[in-house]
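What follows is a set of notes on a single structure, which appears directly below.
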Amino acid sequence: MLYAAVAVRSFRRFSTYRTATLAGVFTNSVFGVIYSYAYLALWHQRPDAGGYDATDAVTYVWLGQALLMTVALWGGGTTDDLAERIRTGDVAIDLYRPVGLIGWYLAGDLGRAVYHVLARGVLPTILGLVLFDIALPASPLAGAWFVVSLALAVVTSFAIRFLVACTAFWLLDQSGMRMLSGVLAIFLSGMTLPLVIFPEPLRSIALALPWASYLQTPADIWLGHRHGAGILAGLALQVLWAAVLMAVCRAVLAAATRKVVVQGG
Amino acid sequence: MAEVTAAVRGACQEYVWIAAMWVRSALAYPWSFWILVVGSALITLLDFVGLGLMFHTIPHLGGFGLREVALLYGASGIGIGVADLVIGSVEQVGLHVRTGTLDAMLTRPVPLLVQVCADRFAVRRLGRISQALVVFAYGAGSVDWTLARVGLALVMVVSACLIFFSFFVAFSCIQFWTVDSTEFANAFTYGGNTMTQYPMTIFPREVLKGLTFLIPVAFVNWYPCLFLLGRPDPFGLPGWFAFVSPVVAGLTLTVAGLTWTSGVRHYTSTGS
């Protein structure tokens with residue numbers, strides 16, 4: 001299968017940089033420790049803030065550090081290659097390949113995400129278990145749903161990053177939009193602070209936006225704060241956003257293809 | 001002595017030339033440039049909003065109110081902001097080693113550190129500094145200002161810049177040995193900044209000791225701010241720690257300088 005082959009090669013490509021992975025795990029863990037103590041101080045004063053207890057809060061911190069790279073919160077992944085190819089004009093080659101451009105880059109990004117969840121996700125989680133005694137998934141079923149939710153998170157994040165990369169068709173350079181998008185993602189995914197302790201109405205708004213998919217929804221499933229119908233509702237919203245955003249990607253790409261002027265061609 | 005002064009002045013002049021060139025280069029994509037400026041200010045703004053939202057849930061964090069935390073946050077933010085603006089590009093030294101551009105730099109008649117630091121100079125980082133200044137001004141409302149405190153506040157900010165300055169250089173030097181470990185330095189630079197945004201009272205005593213004697217990031221703002229706020233040290237450490245930040249900055253600068261020299265000496269070209 002073509003897309004599987006693309007994904008596998010992308011997995012291998014990202015796994016070349018071993019020292020970078022170790023350095024990244026180290027940095028994620030340092031931030032994990034800092035935020036754990038900050039949240040412990042908060043939950044020490046308000047033991048039930050946002051419906052979480054102190055263990056939930058610390059688990060949330062380490063899940064966030066583990067998923068930071070997988071969901072590519074700051075941007076990055078195969079969409080960065082795309083943006084660079086748009087800038088240089090190489091995207092013309094991608095466009096006349098007998099393969100869908102979106103599918104090609106999505107497959108590559110999924111391969112990257114699998115690598116990142118294994119390399120950058122597992123080690124910090126183990127460290128969190130050792131240092132802060134974080135909670136494991138509420139049940140094996142919750143664990144399985146967590147994986148589904150995480151996959152949807154990666155697709156949603158890919159769609160948003162793809163749209164950002166596509167701005168290069170008009171702006172030539174994606175770096176400004178990439179940064180803005182990263183800023184929004186960090187704040188609205190609940191990476192800065194769990195969305196559940198946001199004051200209303202900010203909380204409800206943030207929970208309805210696509211970025212809630214990145215961290216809050218998978219984390220709530222892991223922690224057992226969503227079960228039964230709650231899980232299904234969470235996943236349904238994730239599917240909805242992923243589908244809508246992918247459709248927008250198609251439309252934007254079609255519009256961009258109509259206007260594309262290849263530099264030097 | 002006159003020679004040293006002339007050399008330093010020359011290095012600064014060369015730095016400004018290279019930096020100005022990068023500013024012109026960034027303006028080639030005006031949309032991206034301005035979005036980056038706004039984005040950079042927004043990042044730090046939302047970061048502080050996050051802290052503010054924490055205080056929406058609780059009246060104080062580790063015994064410190066929002067304004068007092070703003071003072072800590074602002075001081076640390078100015079420190080890392082200035083250091084990041086001036087020499088943040090040193091993080092990319094591994095990239096220069098890998099792609100071989102460091103060889104070209106070594107042949108030019110400009111000090112290597114100046115070239116590496118001025119490379120890709122990014123004005124957008126002013127966004128972070130201005131946000132930190134605003135937060136610091138807000139936090140300054142919690143201080144009962146005297147002449148001594150104004151003086152110490154100035155010393156604190158300068159020392160904070162110099163300490164982060166050294167962190168950027170020292171920890172980036174690891175890349176002379178392992179080229180693709182850029183992120184490792186982030187744990188100390190941005191990590192150090194994040195740690196010092198909070199009052200140290202949220203950490204256990206052992207962590208504070210590590211941040212005082214091992215990675216002396218507590219001198220960036222914690223000890224001077226205790227003096228500014230007129231608070232006794234909650235960990236019972238000596239009160240004169242408030243005044244030694246410049247000494248600590250001198251020490252870290254020395255270590256960074258030595259690390260840089262030995263890193264450059266260790267450097268072997270990739271040959272590409």
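The values are calculated or read from the model by the stated rules, or taken from the named source; none is laboratory data. Predicted, not measured: the structure shown is a model, and the values here were computed from it. In this analysis, Cβ positions are derived from the backbone assuming ideal geometry, glycine residues included, and neighbour counts consider all displayed protein chains.
Which residues, counting only those in the stretch A:138-175, are outside any helix (DSSP H, G or I) and either within 14 Å of chain B (Cβ to nearest Cβ) or not aliphatic (A, V, I, L, M) (or both)? Break it down into steps so the answer makes sense when it comes.
Within the stretch A:138-175, the subset outside any helix (DSSP H, G or I) is A:138-139, A:167, A:172-174.
Result: A:S139, A:T167, A:L172, A:D173, A:Q174.
Among the residues of the stretch B:239-259, just one is among the polar types (S, T, N, Q) and free of Cβ contacts under 8 Å to residues at least 12 places away in the same chain, namely B:T254. Looking at the stretch B:193-219 only, could you name the residues that are closer than 23 Å to B:I129 by Cα, facing chain A (nearest Cβ under 8 Å) and part of a loop (DSSP other than H, G, I, E, B)? Selection gives B:Y198 alone.
Contact annotation: residue pairs with Cβ atoms under 6 Å, 6 or more positions apart or on different chains, pairing a residue in the stretch B:212-238 that is touching a residue at least 60 places away in the same chain (Cβ under 8 Å) with a partner that is basic (K, R) and assigned to a helix (DSSP H, G or I), are B:L228/B:R149. Residues that are under 13 Å from the mean Cα position of the chain (by Cα) and free of Cβ contacts under 8 Å to residues at least 60 places away in the same chain within the stretch B:187-211 comprise B:A187, B:F188, B:G191, B:T194, B:M195, listed in sequence order.
Just to check your reading of the model, which residue among B:F188, B:F241, B:F165, B:F227 is surrounded by 24 or more Cβ atoms within 10 Å (Cβ to Cβ), in a helix (DSSP H, G or I) and among the aromatic types (F, W, Y)? Please lay out each step first, then the result.
Numbers: B:F188 fails: surrounded by 24 or more Cβ atoms within 10 Å (Cβ to Cβ); B:F241 fails: surrounded by 24 or more Cβ atoms within 10 Å (Cβ to Cβ); B:F227 fails: surrounded by 24 or more Cβ atoms within 10 Å (Cβ to Cβ).
Result of the check over B:F188, B:F241, B:F165, B:F227: B:F165.
I'd like to verify a number: residues in the stretch A:26-75 that are assigned to a helix (DSSP H, G or I) and in contact with a Lys or Arg (Cβ under 6 Å, 6 or more places away or on another chain), how many?
Here is the first cut: in the stretch A:26-75, the residues assigned to a helix (DSSP H, G or I) are A:26-45, A:49-51, A:54-70.
Next cut, in contact with a Lys or Arg (Cβ under 6 Å, 6 or more places away or on another chain) only: A:69.
Total meeting the criteria: 1.
A quick yes/no check of all residues on (1) over 24 Å from the mean Cα position of the chain (by Cα); (2) of a type in the set (S, T, N, Q); (3) modelled with pLDDT of 90 or more:
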| position | (1), (2), (3) |
| --- | --- |
| B:V4 | yes, no, no |
| B:E14 | no, no, yes |
| B:L27 | yes, no, no |
| B:V37 | no, no, no |
| B:F48 | no, no, no |
| B:L66 | no, no, yes |
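Considering only the stretch B:34-46, I want to know if a residue exists there that is assigned to a helix (DSSP H, G or I), within 14 Å of another protein chain (Cβ to nearest Cβ), closer than 19 Å to A:I34 by Cα and hydroxyl-bearing (S, T, Y). Yes, that holds for at least one residue. Here B:L102 qualifies as closer than 18 Å to B:A19 by Cα, assigned to a helix (DSSP H, G or I) and either more than 17 Å from the chain's Cα centre (by Cα) or without any contact (Cβ under 8 Å) to a residue 24 or more places away in the chain (or both).
Out of the residues in the stretch B:130-151 that are of a type outside the set (G, A, S) and buried (at least 20 other Cβ atoms within 10 Å of the Cβ), state the one that is nearest to B:A20 (Cα to Cα).
Of the residues in the stretch B:130-151, the ones of a type outside the set (G, A, S) are B:131, B:133-136, B:138, B:143-147, B:149-150.
Imposing the further condition that a residue be buried (at least 20 other Cβ atoms within 10 Å of the Cβ) reduces the set to B:131, B:135-136.
Details: B:Q131: 23, B:V135: 29, B:F136: 29 Å.
Once the filter is applied, the top-ranked residue is B:Q131.
Criterion first (β-branched (V, I, T), crowded, with 17+ Cβ neighbours inside 10 Å and at pLDDT below 90) does B:I174 satisfy it? Talk me through it step by step, then tell me what you get.
Numbers: β-branched (V, I, T): yes; crowded, with 17+ Cβ neighbours inside 10 Å: yes; at pLDDT below 90: yes.
It is true that B:I174 is β-branched (V, I, T), crowded, with 17+ Cβ neighbours inside 10 Å and at pLDDT below 90.
Considering only the stretch B:107-143, state which residues are farther than 14 Å from B:V169 by Cα, at pLDDT 90 or above, part of a helix (DSSP H, G or I) and not β-branched (V, I, T). Matches in the stretch B:107-143: B:A132, B:L133, B:F136, B:A137, B:Y138, B:G139, B:A140.
Report yes if A:Y105 is of a type in the set (F, W, Y), in a helix (DSSP H, G or I) and under 23 Å from A:R258 (Cβ atoms), otherwise no. It is true that A:Y105 is of a type in the set (F, W, Y), in a helix (DSSP H, G or I) and under 23 Å from A:R258 (Cβ atoms).
Listed conditions (1) under 25 Å from A:H227 (Cα atoms); (2) at pLDDT 90 or above are all met by A:D133, apart from (2). With under 28 Å from B:W34 (Cβ atoms), touching a Ser or Thr at 6+ places or on another chain (Cβ under 7 Å) and at pLDDT 90 or above as the only criterion, which of B:S159, B:S166, B:S76 stands out? The conditions single out B:S76. Of the numbered criteria (1) more than 14 Å from every other protein chain (Cβ to nearest Cβ); (2) of a type in the set (G, A, S); (3) more than 20 Å from A:S175 (Cβ to Cβ), the one A:S36 fails is (1). A residue that is of a type in the set (A, V, I, L, M), surrounded by fewer than 16 Cβ atoms within 10 Å (Cβ to Cβ) and free of Cβ contacts under 8 Å to residues at least 40 places away in the same chain occurs somewhere in the stretch B:28-41.
Go through the stretch A:176-197 residue by residue and tally those that are touching a residue at least 40 places away in the same chain (Cβ under 8 Å) and outside any helix (DSSP H, G or I).
Keep residues of the stretch A:176-197 that are touching a residue at least 40 places away in the same chain (Cβ under 8 Å), which gives A:178-179, A:181-182, A:185-186, A:189-191, A:194, A:196-197.
Among the residues that remain, those that are also outside any helix (DSSP H, G or I) are: A:189-191, A:194.
Total satisfying the criteria: 4.
Step by step: first the residues of the stretch A:176-187, then only those that are aliphatic (A, V, I, L, M) and at the interface with chain B (Cβ under 9 Å from one of its Cβ atoms), then the one that is farthest from A:L42 (Cα to Cα). Which residue is that? Let's see the steps before the verdict.
Filtering the stretch A:176-187 down to residues aliphatic (A, V, I, L, M) leaves A:177, A:179-180, A:183-186.
Filter once more, keeping what is at the interface with chain B (Cβ under 9 Å from one of its Cβ atoms): A:177, A:179-180, A:183-184, A:186.
Values: A:M177: 33, A:M179: 29, A:L180: 29, A:V183: 24, A:L184: 24, A:I186: 20 Å.
Here the answer is A:M177.
For first residues located in the stretch B:48-67 and under 14 Å from A:V196 (Cα atoms), partners that are of a type in the set (K, R) and lie 6+ apart or on another chain with Cβ distances below 6 Å form the pairs B:T57/A:R46.
Would you confirm whether or not the stretch A:208-231 contains a residue that is touching a Lys or Arg at 6+ places or on another chain (Cβ under 7 Å), under 28 Å from A:P140 (Cα atoms) and buried (at least 23 other Cβ atoms within 10 Å of the Cβ)?
First, pick out the residues of the stretch A:208-231 that are touching a Lys or Arg at 6+ places or on another chain (Cβ under 7 Å): A:220.
This time we only want the ones that are under 28 Å from A:P140 (Cα atoms), so: A:220.
Narrowing the set further to residues that are buried (at least 23 other Cβ atoms within 10 Å of the Cβ) leaves A:220.
Yes - at least one qualifying residue is present in the stretch A:208-231.
Restricting A:V6, A:V25 to those that are closer than 26 Å to B:Y190 by Cα, more than 7 Å from chain B (Cβ to nearest Cβ) and either of a type in the set (V, I, T) or in contact with an Asp or Glu (Cβ under 9 Å, 6 or more places away or on another chain) (or both) reduces the list to A:V25.
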